[in-house]
Amino acid sequence: MGLKEAALYLHFPFCRAKCPYCDFYSLALVPSEELLKRYLKALQKEFLLRQEEISSYRFVTFYAGGGTPSLAPIWFYEEVFGFLKTVLDFSPREITLEANPEGLNKLVLVSFREIFNRLSLGAQSLNPEGLKALGRRHQVEEVKMAFEAARTAGFENIGLDLIFAWPGQTLKELKEELEKLVSFGPEHISCYELTLEEGTPFYQAARKGKILLPAEEDVVSMHELIHSFLVAKGYEHYEISNFARPGFRCRHNLFYWEARPYLGLGPGAASFFGKKRYKNLEDLSLYLKNLEEGKPPPREEEILSQEVRFREAVILGLRLLKGIKLESLVKRFGINPLEYYGETLEKLLKEGLLEISGENLRLTGRGRLLANVVFRELV
Ligand code: SF4
């Protein structure tokens, strides 16, 4: 029997400093060689402990995310890849490195290019005020330099990430940032609205009235501007926050949105295999300790019922602009979404937040702006 396709994620839990809006799991430290070697061994052990359950899968994408994976020296990834190639038939098509612009130069990028064929560069803002407001440590000029160095190093698939609706941002400033962003010519663009995540310094500051985000109607206009501007520039808007040149959609992230299997290694990483979902605890010390003692990392495990998997597949699938094929839901879960959601779905269709287009159920343009409202109804 042929192997099923899956995605492989490696979490790199270190950053030079914590950004005040970020709730991803990472420690504010540049790891020593000794710590990196310990982490590498632990990752290898975690993989070996999981090997049996993933024996029927073939990894077609690899994604080093974080944290700041570009902080790691190249030998770290050479070891990771060397190891994976000895324990399985490993030749993923898409191999992504998440990177921050600071510290990237041609020399470093040439060595990363030996392993990775896709770079996801965290520009976050192309306005000095925006970078300052977001508490980022790099300058606009560094984004440009890193992008150009990546091209010279041979990266033909580069994604740029942008955060919008930062405190004080105007529509005019967003337009200028988009113009600058597009002028670099990235293959992929992610635009995330700044959200206040509980437990972050931004969340606290907003509660105390120390930062003020743009008004709701301005944020709506920002979403509309991003869509119309990038589509007019030839980017396909394929997921709520993601745009790509034809042929450059992020294959790895499509595994998440299409509720297909993935394995995540490292503290805080999640895995999903059909009926099971795991999430390793966000604790590097415990992660290292357990694996050094030959035990699996501490994690939360969930066996998902057919119904829960169905609802999750609907919500994740609706993130994609093409939506989700109704027939495929019936085939996969034996549940007809029209019957299952009944009046709720009818209401969302009537309100113009969802539509049926051909064989697919999808969000309308207005539905995308109110996606959270729709998801709350369907969850
Ligand atoms: S660099 Fe990225 S992962 Fe690290 S704290 Fe900032 S936003 Fe979070």
**Report entry** Cα principal axis extents for the range 306-379, largest first, Å
**Finding:** 29, 22, 19
Requested in this report: Take the alpha-carbon centre of the range 172-196, take the same for the range 276-310, and report the distance between them in whole Å.
Outcome: 35 Å
Query raised in the report: What are the ³J(HN,Hα) values, in whole Hz, obtained from phi via the Karplus relation 6.51 cos²θ - 1.76 cosθ + 1.60 with θ = phi - 60°, for each residue of the range 196-203 in sequence order, with x given for Gly and Pro?
Result: 8, 8, 3, x, 8, x, 4, 4
Query raised in the report: Could you give me the ³J(HN,Hα) list for the range 152-157, computed from phi with Karplus coefficients 6.51, -1.76, 1.60 and θ = phi - 60°, whole Hz, x at Gly and Pro?
Result: 4, 6, x, 6, 9, 9
Query raised in the report: Mind checking the dipole of the range 167-208: about its Cα centre, +1 per Lys or Arg Cβ, -1 per Asp or Glu Cβ, Debye to the nearest 20?
Result: 220 debye
Query - Other-chain or far-sequence residues with amide H under 5 Å of E98's (modelled H) - result: A64, S120
**Report entry** Cross-link partners of K132 among lysines (Cα-Cα below 16 Å; sequence separation of 8 or more within a chain)
**Finding:** K18, K210
Requested in this report: Name the residues whose placed amide hydrogens come within less than 5 Å of the amide hydrogen of F14, ignoring near sequence neighbours (fewer than 5 apart) on the same chain.
Outcome: L27, T68
Requested in this report: Provide, in order from the shortest bin, the percent of all Cα-Cα pairs of the range 50-169 in each 5 Å bin, continuing until the bin that contains the maximum pair distance.
Outcome: 2, 10, 20, 21, 16, 12, 8, 6, 4, 1, 0
Requested in this report: With runs of 4+ DSSP H residues as the only contributors, calculate the mean residue ellipticity of the chain at 222 nm using -39,500 (n - 2.57) per run, divided by the residue total and rounded to the nearest 500.
Outcome: -13000 deg cm²/dmol
Report task. Count charges around G154 for me, please; just the other residues with Cβ under 14 Å from its Cβ, Lys/Arg as +1, Asp/Glu as -1. Result -> 0
Report summary line: Computed for the chain: size of charge dipole around the Cα centre, +1 on C-beta of each Lys and Arg, -1 on C-beta of each Asp and Glu, debye to nearest 20, value 420 debye
Query raised in the report: Which is farthest toward the positive dipole end of the range 4-147 among Q44, V140, C22, measuring Cα position about the Cα centre, with Cβ charges +1 (Lys, Arg) and -1 (Asp, Glu)?
Result: V140
Report task. With the Cα gyration tensor of the chain in hand, give its eigenvalues times 5 under a square root as the equivalent ellipsoid semi-axes, listed largest first in whole angstrom. Result -> 31, 29, 20
Report task. For every other residue with a beta carbon closer than 13 angstrom to the beta carbon of Y256, add +1 if it is Lys or Arg and -1 if Asp or Glu, then tell me the sum. Result -> +2
Report task. Among DSSP beta bridges whose residues both lie in the chain, state the antiparallel percentage, nearest 5. Result -> 40 percent
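Read-outs throughout are calculated quantities, based only on the coordinates presented, and are distinct from any laboratory measurement. A quick note: this is a predicted structure, and the numbers were derived from the prediction, not measured. Ideal geometry is used to build each Cβ from the backbone, glycine not excepted, and the neighbour counts take in all protein chains shown.
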